[in-house]
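A short worksheet on the structure shown next.
The values are calculated or read from the model by the stated rules, or taken from the named source; none is laboratory data. Predicted, not measured: the structure shown is a model, and the values here were computed from it. All Cβ positions, even for glycine, are placed from backbone atoms using ideal geometry, and neighbour counts span all protein chains on display. Side chains included, ligands, DNA and RNA excluded: accessible areas come from the protein's heavy atoms. Shrake-Rupley method; radii C 1.70, N 1.55, O 1.52, S 1.80 Å.
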Amino acid sequence: MRSFLALVAGAAAGWLAPVAPASAQAAKPPAPEPAKPSPARPAAFADFIEALRPDARVRGVSDATFAAAFRGVAQPDPEILARTRRQGEFARPVWEYLVGAVSAGRIARGRARAAALSGTLDRIEARYGVPRGVLLAFWGIESDFGASGGSVPTIRALATLAAAGHRGTLFRDELLAALTILERGDIAPDRMKGSWAGAMGQVQFLPSTFLAHAVDFDGDGHRDIWGSDADSLASIAAYLKALGWNPAVSWGYEVALPDGFDLARYAGDLGEFDRRGVRRKDGGRLPQAGNASLFLPGGLGAPSFLITDNFEVIRGYNTSDSYALAVGHLADRLSGGPALAAPWPAEAGRLDKAGLEALQRGLAGQGLYAGDADGRAGPKLREAVRRYQIREGLAADGYATPALLARLTGRP
Ligand code: CA
């Protein structure tokens, strides 16, 4: 998913699909870049669809399936094109995102669903090695446990984005994948729905992710991420297993750092962090083996986390740090874990998108950052900020603040 859409985009790329559950939306990955205003000429759209037919045939899509898929899809959806132009001006701060994504109501609903699906969850855990809290957390954030998988017809959404040339050929490829799903009979065309960016059903998989990872767990012969709880949860589990989920460790832990902790040594072995005096906030003992790194999404003093390789697995589903933290924390809460212990910082201490872009350019100018100046806070920017902080003798928390930008640019 690039699941921004809740999307998901696949593991591949990195793009996120935007969209879906309103609650999750804001933090999802950057949405697709604005589509160029495309002439919504019906003839051009019809030509685009007709031109798909040879490629669809190569994939085994019959003319009957093709006709059924596009029945009633005569024009692009202007609302979807408008959405691509509205996306992602400001990423919400992680703490704001967490309020919506890990609400008391969602925790209560998730625990009730977990109780009702206990036997199914036992079997899924046994087969895929991903704990139920994590599965329920994805399911809760993507579709509120199946209650809101999106109501936008997927074929029309993908055709609209593909015909507009959005993101190169990504959506055209996804459209062909969607046709393949219809040909296989997993879902009827009128039930294939999801977000405006093409992420489908309760798990918000893009069609290519569906083809690679969706599972028929209830054994009815259809991989149904729209109507089957068991298929939805098992599909999430199968995808996470394929992304490399390690059953031996958690996604991460909220931790307290000892006085005088050397933030410049922010990555290492869990046992080594334990020996350096890092302690879990919930009182549990840190595992003694496994890679981990410090993640301070609100800077020093705010909730601090040791994240494991599983955090990167979560980011494979959706690259947003906020999303990944919400999944991890919700998983803990659904398993009886406590709320975060440390307070979040004031809004004033945070850079907006323009500020992050300026920081990226400044760090790039000093040879510390090699990524795009896209205004996105993520692992690459954190790493660059840490290098700058270490060079300047500052506490290396990796957190981008207005003060840091002012120091870097020499402007107060
Ligand atoms: Ca099924």
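Please find, in a Gaussian network model of the chain (springs between Cα atoms separated by less than 10 Å), the residue of Trp226, Trp344, Trp196 whose mean-square fluctuation is greatest.
Trp344
Helix 170-184 against the longest principal axis of the chain: what's the angle in degrees, Cα atoms only, rounded to the nearest 10?
60 degrees
Given contacts defined as C-alpha pairs under 8 Å and at least six residues apart, what's the relative contact order of segment 152-298, whole-number percent? Spell out each step's value before the answer.
On the way: 193 pairs, mean separation 22.1, N = 147.
Contact order relative to length: 15 percent.
Compactness ratio of segment 113-157: Cα Rg over 2.2 N^0.38 Å, N = residue count?
In units of the 2.2 N^0.38 Å rule of thumb, it is 1.40.
Under a point-charge model restricted to the Cβ atoms of Lys and Arg (+1) and Asp and Glu (-1), what is the dipole moment magnitude of the chain relative to its Cα centre, in debye to the nearest 20?
Working: 47 positive and 43 negative charges, 129 e Å.
Dipole of the chain, to the nearest 20 debye: 620 debye.
Given contacts defined as C-alpha pairs under 8 Å and at least six residues apart, what's the relative contact order of segment 65-158, whole-number percent?
38 percent
Can you tell which of Ala384, Ala396, Ala188 shows the greatest fluctuation in a Gaussian network model of the chain with Cα springs below 10 Å?
Of Ala384, Ala396, Ala188, the Gaussian network model singles out Ala188 as fluctuating most.
Just to be sure I understand: with springs between alpha-carbon atoms less than 10 Å apart, which residue in Arg275, Arg387, Arg333 has the highest mean-square fluctuation in the Gaussian network model of the chain?
In this elastic network of the chain, the residue with the biggest mean-square fluctuation among Arg275, Arg387, Arg333 is Arg275.
Which distance in Å, rounded to a whole number, links the C-alpha centroids of segment 230-249 and segment 349-392?
32 Å
Quick check: net charge around Asp63, other residues with Cβ under 12 Å of its Cβ, Lys/Arg +1 and Asp/Glu -1?
On the way: positive: Arg53, Arg57; negative: Glu50, Glu183.
Around Asp63, the surrounding residues sum to 0.
For the Cα atoms of the chain, what angle does the longest principal axis make with the long axis of helix 118-128, in degrees from 0 to 90, nearest 10?
Compared with the principal axis, the helix lies near 80 degrees.
Given axes a ≥ b ≥ c from the Cα gyration tensor, I'd like to know whether the chain is rounded (a/c under 1.5), prolate (a/b larger than b/c) or oblate.
In terms of gyration-tensor shape, oblate.
Jot down the radius of gyration and Dmax of segment 150-301, Cα atoms only, both in angstrom.
Considering segment 150-301 through its Cα atoms, Rg and Dmax are 21.4, 61 Å.
In the full protein assembly as shown, how much of Val58 is accessible to a 1.4 Å probe, in Å² to the nearest 10?
130 Å²
Give the accessible area for Glu272 in Å² (nearest 10); use a 1.4 Å probe, count only protein heavy atoms, and leave out ligands, DNA and RNA.
About 60 Å², rounded to the nearest 10.
Accessible surface of Asp47 in the full protein assembly, 1.4 angstrom probe, to the nearest 10 Å²?
Probe radius 1.4 Å; accessible area of Asp47 about 100 Å².
Which whole-number percent is the relative contact order of segment 287-412 (Cα, under 8 Å, 6+ apart)?
22 percent
With only alpha-carbon atoms counted, please give the Rg and Dmax of segment 285-356, in Å.
Rg then Dmax for segment 285-356, in Å: 13.5, 41.
Place a label point 7 angstrom from the Cα of Leu394 along the Cα-to-Cβ direction, then list the residues of segment 263-283 whose backbone nitrogen is under 20 Å away.
263-267
Just to confirm the number: angle between the C-alpha axis of helix 353-365 and the first principal axis of the chain, 0 to 90 degrees, nearest 10?
So the inclination is approximately 70 degrees.
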